[in-house]
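The values are calculated or read from the model by the stated rules, or taken from the named source; none is laboratory data. The structure presented is a predicted model; accordingly, all values stated were derived computationally and were not measured. Counting neighbours? That spans all protein chains shown, and the Cβs are built from the backbone with ideal geometry, glycine included.
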Amino acid sequence: MSTRTVRAAGLSARYATRPATASGLLALLLLALTGYALTVGELPISLGEALGMLAGEPGPSGVDYVFWTVRLPRVLTALLVGAALGVSGAILQSLSRNPLGSPDVLGFAGGAATGALVQILVLGGGALAVALSALAGAFVTAALVYLLAYRRGVPGHRLVLVGIGIGALLMSLNRYLLVSAEVDDAFRAAVWLTGSLLDRTWDHVTIGTIAVAVLVPVAVLLLRRLSLLELGDELSTGLGVPVGQTRLQLFAVSVGLAGAATAAAGPVAFVALAAPHLARRLLRSAGPSLVGSGLVGAVLLLGSDVAAQQLFPTGELPVGVATGVLGGVYLATLLGRHWSRRPAASG
Amino acid sequence: MRRARSRPVRLAIGLLAAVALLLGCGVLSLLTGSEPVAFGDVLRVLVADDRSEPAIIVHDLRMPRTVVGICVGIALGLAGALMQSLTRNPIADPGVLGINAGAAFGVLVAIVGLGIGSFTGYVWFAFLGATLSTTLVYAIGGRGDDSGAPVRLALAGTAIGAALVSATEAMVFLDPKAFDEYRFWIVGDIAKPELGVVWQLLPFLLAGTVLALSLGPRLNAIALGEELGTALGVGLLRTRVLVGVSVLVLAGLATAAAGPIGFVGLAAPHLARAVTGPDQRWVLPYAGVFGAVLVLLADVVGRVVLPSGELRVAILTAIVGAPLFVALVRRRRAAA
């Protein structure tokens, strides 16, 4: 892979050209998509108006309100949640050294769902209470999984298996709650369980912003160690990586990101699993690509939300449905094309 | 010092013990229920069906449930072991081939598209859906004889599964009435099996079981690596297709008959490997028996804890199985 080096002010950084170019293109795509998402909807807003309102000018009456309380929070939540899920999934797949590793598989998406379901079906709290219970559920579950997997260190595969066991347990609990509830409550809960960007408020944006602003930089700082961990415990210890500590830090970061994403938009399916694979294939990077996964996650979620709104303007279709269809079909075609072209390449 | 018995003998004795355990669970399943029937009565009516009240309870309610539980458990355990061996991924289960997603999709098409509202009507739609998704997964991920194939298959299955699940959910959300039927189907159950359906499915399940058990040596060979496996004369593509067919028949029919019952296909092979080690010729039969034990135990526990029937078997398989599974994972050094 060709690399280049930049030097400035006594510092130098080496980067691979292909991933850097591809990430730049992804960022541009994301920007264009964001602009588009801000303008479409039940009430069309022109791009000029949107930019003007962002710059602080008052928009036409009515438009102003829709833009600031409906459109912008929704778009921002989609961006933040998508990015958080993408990064979280990339960390988990690398940590567990399993291509199927993701927050859904590792159990804490199930824990977040349990927290939210208890709040919706049993306690009957509002949207913010549901978000916070989801966050609490994710953290309690993650701590439980980590403790149960701990026995003189936590190897990745044990983390995954314990996570699956606990996740299955919680999933059962969720299903029981769903089956024993009244059908109206169950429907509301099912919409939450699919992941929805309907009626997002600035509270949701705040949750997402804090998580992304704090945890993504930490993750990027730990990226080099994460790549070394993929070489195996012995080798990375030999190279000076404190294995146990690094793994705990990375695990905590990814739980925080996934938990906050779930709190903000419900357990949106498949983004965390698909984004790292899509990123790896688009960027052709050798190791885990956190920034790339974050970008792909954001594009996937925002794109799915726009598509769902366009196809079903009534707004009844939760975005989680669209991410599954779009992400699933796109990953499948990408896999099929990639492999039929280069049959010797490994997955 | 007494010489230890040879390994095959020990494993064969262990398998017999596991089968005995399964039979014990079967008896337990005939004995428990919301309506108490004395042990003696159960035995009496088992021998002679005199159409008395206990006889009706045992023959018409508990017997079908037990038979279905055993069939479904064996099928799911075997299918899970095949999947984990084929994809070389310890977290694979029949769901990774998109079986559950495809079956759910088929059921929803039956409910929404054709207005079919009875369980017997769903069965073949569920199986058609599972066939559709498995075929798609193989078309995308099943080609080539290289070392990436196992990962590819698992990933393609997950992608197709996600797309189908979402398509199903889209139909559900656009039609709230379908949602009410679907939320009960999606929690798999063996409480009220239609015996007619079971007899229809039984020959296929038997054929799938025989096929699965015969694949042990092939799976052992490819576990050594694709190149070594080929050198030993085992065709990779052929093995992959045979495994796919038996997983589809076993898990597809089990899901069609009882709805998606999770965790059995994942946990049973792990329990089996803890006893047998990596030899697939032994892992497969053990996984089948353990799967059936898990399903029956979960069903019995459900009947004892909440006789009203709200605790369905698919909910309890994980609640009964997960603690065992986690303890097992903690104890063992290597997972796969």
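Values as computed for the structure displayed
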quantity	calculated
Odd one out for B:G106, checked against (1) farther than 21 Å from B:F263 by Cβ; (2) surrounded by fewer than 24 Cβ atoms within 10 Å (Cβ to Cβ); (3) under 19 Å from the mean Cα position of the chain (by Cα)	(2)
Elements of type helices (runs of 4 or more DSSP H) contained in region B:50-145, each with 2 or more residues being touching a residue at least 40 places away in the same chain (Cβ under 8 Å) and within 14 Å of another protein chain (Cβ to nearest Cβ)	B:63-87, B:99-108, B:119-141
Residue selected from region B:223-240 under the condition touching a residue at least 24 places away in the same chain (Cβ under 8 Å) and among the hydrophobic types (A, V, I, L, M, F, W, C), by the criterion surrounded by the fewest Cβ atoms within 10 Å (Cβ to Cβ)	B:L237
Within region A:150-260, helices (runs of 4 or more DSSP H) holding 1 or more residues that are under 21 Å from the mean Cα position of the chain (by Cα)	A:156-180, A:183-194, A:202-221, A:223-229
Odd one out for B:L114 among (1) under 20 Å from B:G142 (Cα atoms); (2) surrounded by fewer than 22 Cβ atoms within 10 Å (Cβ to Cβ)	(1)
Only listed residue being within 14 Å of another protein chain (Cβ to nearest Cβ), surrounded by fewer than 22 Cβ atoms within 10 Å (Cβ to Cβ) and of a type outside the set (D, E, K, R), chosen from A:L161, A:L128, A:L117, A:L173	A:L173
Hits in region A:1-25 (condition: out of contact with any strand residue (DSSP E or B) (no Cβ under 9 Å at 6 or more places or on another chain) and touching a residue at least 60 places away in the same chain (Cβ under 8 Å))	A:R18, A:P19, A:A22, A:S23
B:P193 under 24 Å from B:I74 (Cα atoms), more than 9 Å from chain A (Cβ to nearest Cβ), surrounded by fewer than 23 Cβ atoms within 10 Å (Cβ to Cβ) and modelled with pLDDT of 80 or more	no
First in region A:226-251 and touching a residue at least 12 places away in the same chain (Cβ under 8 Å), second anywhere and in a loop (DSSP other than H, G, I, E, B) and not polar (S, T, N, Q), Cβ under 6 Å, 6 or more apart	A:L226/A:P288; A:S227/A:G287; A:L228/A:L239; A:L228/A:V241; A:G244/A:G153; A:L250/A:L222
Cβ pairs under 9 Å, 6+ apart, first in region A:26-39 and free of Cβ contacts under 8 Å to residues at least 40 places away in the same chain, second basic (K, R) and surrounded by 15 or more Cβ atoms within 10 Å (Cβ to Cβ)	A:L38/A:R71; A:T39/A:R71
Which listed residue is within 13 Å of another protein chain (Cβ to nearest Cβ) and in contact with an Asp or Glu (Cβ under 6 Å, 6 or more places away or on another chain), from A:V321, A:V271, A:V325	A:V321
Any chance A:L161 is free of Cβ contacts under 8 Å to residues at least 24 places away in the same chain and touching a His at 6+ places or on another chain (Cβ under 9 Å)	yes
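Quick grid of which residues meet (1) touching a Ser or Thr at 6+ places or on another chain (Cβ under 9 Å); (2) modelled with pLDDT of 90 or more; (3) over 16 Å from B:D93 (Cα atoms):
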{"residue": "B:A256", "(1), (2), (3)": "no, no, yes"}
{"residue": "B:A272", "(1), (2), (3)": "no, yes, no"}
{"residue": "B:T276", "(1), (2), (3)": "no, no, yes"}
{"residue": "B:W282", "(1), (2), (3)": "yes, yes, yes"}
{"residue": "B:V293", "(1), (2), (3)": "no, yes, yes"}
{"residue": "B:T317", "(1), (2), (3)": "yes, no, no"}
